[in-house]
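The values are calculated or read from the model by the stated rules, or taken from the named source; none is laboratory data. Because the structure is predicted, anything quoted here is derived from the model rather than measured. Quick reminder, even Gly has a Cβ in these numbers, built from the backbone with ideal geometry, and neighbours come from all protein chains shown.
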Amino acid sequence: MRLFRTLCLVALLPALFAGCAGSGQVRNIFPPRASIQQLSIQPDGNWKLQLRVQNFSNVSETFARIDAKVEIAGQLAGNVSAAPNLRIGPESADVVETTLAPSPATRQAVAAPGGGNVAYKLTGTIVTSDPKGEHKYSFEGALSPVPGLSGVLR
């Protein structure tokens, strides 16, 4: 009888441990990204940028800092920084606003009358505080004038 109980216990142990090992969510942390959702030319010539911050991870992340070098039409427009302390859910996105005093050449490229699409590039770092991380990123896209909204590109 003792041998039978021992064999049963030995046979049940792997099943018990297999049940424990499968519990809990696997945390997949992927590098986030920022892109320009909207650029609005302000009356003073500066730009208001809406940066779309994307969380590709399967867990929520708190975005502590976003730094980026902004290039417009192949020329350096300037640098932007934001400290939003923004929590974004898993596989979601949100918008952070910041301003930029652009270089004269890029200001002219964006404000050109009858202009079409304008290529842009963001290169920088996104710092998350929960979970902690520092992620380098680069994104290239294009902005188009919004019909009916003077000085707004998306």
Subject >> Answer residue from the range 73-86, given it is within 17 Å of R52 (Cβ to Cβ) and surrounded by 14 or more Cβ atoms within 10 Å (Cβ to Cβ) and is farthest from the chain's Cα centre (by Cα) among those >> reply: V80
Subject >> Among (1) at pLDDT below 65; (2) surrounded by 10 or more Cβ atoms within 10 Å (Cβ to Cβ); (3) of a type in the set (F, W, Y), the one test that F4 misses >> reply: (2)
**OP:** Count, please, the residues in the range 89-109 that happen to be over 12 Å from G78 (Cβ atoms) and crowded, with 18+ Cβ neighbours inside 10 Å.
**Re:** 2
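How many residues does the range 38-47 contain that are surrounded by fewer than 15 Cβ atoms within 10 Å (Cβ to Cβ) and on the phi < 0 side of the Ramachandran plot?
Within the range 38-47, the first condition is being surrounded by fewer than 15 Cβ atoms within 10 Å (Cβ to Cβ), and the residues that meet it are 42-45.
Pick out the ones that are also on the phi < 0 side of the Ramachandran plot and you get 42-44.
Qualifying residue count, the range 38-47: 3.
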Original post:
Within the range 110-146, how many residues turn out to be crowded, with 16+ Cβ neighbours inside 10 Å, within 14 Å of I29 (Cα to Cα) and of a type in the set (S, T, Y)?
Top reply: 1
